[in-house]
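So the structure is just underneath, and the comments pick up after that.
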Amino acid sequence: MAYSSSLLNVARMMERLESWKLALERLRSAEFADWAEAGRLVAEIVRMSSDATLRQAAEQALPVLRQAADNDDHSVTQAARRRVGVILDVVHDLTAPRFGRRNAAPKKLSREDRARKMLGLPLAVQLTCDDINQAYRRAAKGMHPDQGGSAQAFIDLSSARDILIHPGAHKDA
């Protein structure tokens, strides 16, 4: 029961976002926008939105929109149009389709892939010992303790080279 009410709330919120998006696009594209109407719409967004970024963008736009409703100054109306654009960008981000797992942690790299990354080598290419040693020398020039690098970084770099040259000889870290 709670799951279905949660889905219903999400559907209502998406419907509300779509209607706000349509109204904001209409306001932004109008040659002579009704800034009083824009102020009412943005005040509704501040009251009804559950997204903190959208609320913040709307709250920051309200004073400019109210000033544009009371004033015919071109610079104020341009500022109001820009603020509506910012709100519209946030709404677009919220309504854009998302694929995959949201907020998922990135896939953890294997020991060999971490070593390749440390040496600046591509992940999916067959490497020779010469390729690995050349990459090691190139990276070691800047990381050597005599050249201003840290001793631990140099040790990690040497370990990365050893992992790539002898992949089966090292245990997973």
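In terms of surrounding Cβ atoms within a 10 Å radius of their Cβ, His92, His74 rank from fewest to most as His74, His92. Each residue of the stretch 75-81 is assigned a 3J(HN,Hα), and the resulting list reads 5, 5, 5, 5, 5, 5, 5 Hz, derived from the Karplus form 6.51 cos²θ - 1.76 cosθ + 1.60 (θ = phi - 60°), x at Gly and Pro.
Along the chain, the longest continuous region that contains none of the chymotrypsin sites (Phe, Trp or Tyr not before Pro) in a DSSP loop with at most 16 other C-beta atoms within 10 Å is 100-173.
Counting lysine pairs in the chain that sit 8 or more residues apart in sequence, or on different chains, and whose Cα atoms lie under 17 Å apart gives 4.
Other residues with beta-carbon under 11 Å from the beta-carbon of Leu109 carry, at +1 per Lys or Arg and -1 per Asp or Glu, a net charge of +4.
Taking other C-beta atoms within 10 Å as the exposure proxy, Lys108, Lys141, Lys21 rank Lys108, Lys141, Lys21 from fewest upward. Ordering Val91, Ala11, Ala135 by Cα displacement along the dipole of the chain toward the positive end leaves Ala135 in first place; charges were set at the Cβ atoms of Lys, Arg (+1) and Asp, Glu (-1).
Using C-alpha pairs under 8 Å with a sequence gap of at least 6, the mean separation divided by the residue count of the stretch 35-173 gives a relative contact order of 17 percent. Taking Cβ atoms as reference points and 12 Å as the exclusive limit, the residues near Leu22 contribute a net charge of +1, counting Lys and Arg as +1 and Asp and Glu as -1. Summing +1 for each Lys or Arg and -1 for each Asp or Glu among the other residues whose beta-carbon sits under 14 angstrom from that of Val46 gives +3.
When the chain is modelled as a GNM with alpha-carbon springs shorter than 10 Å, which of Leu27, Leu17, Leu109 fluctuates the most? Answer for the Gaussian network model of the chain: Leu109.
Read the figures in this text as sums done on the coordinates, not as results from a lab. In this text the structure is predicted, and so the values were computed from the model without any measurement. We place every Cβ from the backbone using ideal geometry, glycine too, and count neighbours over all the protein chains shown.
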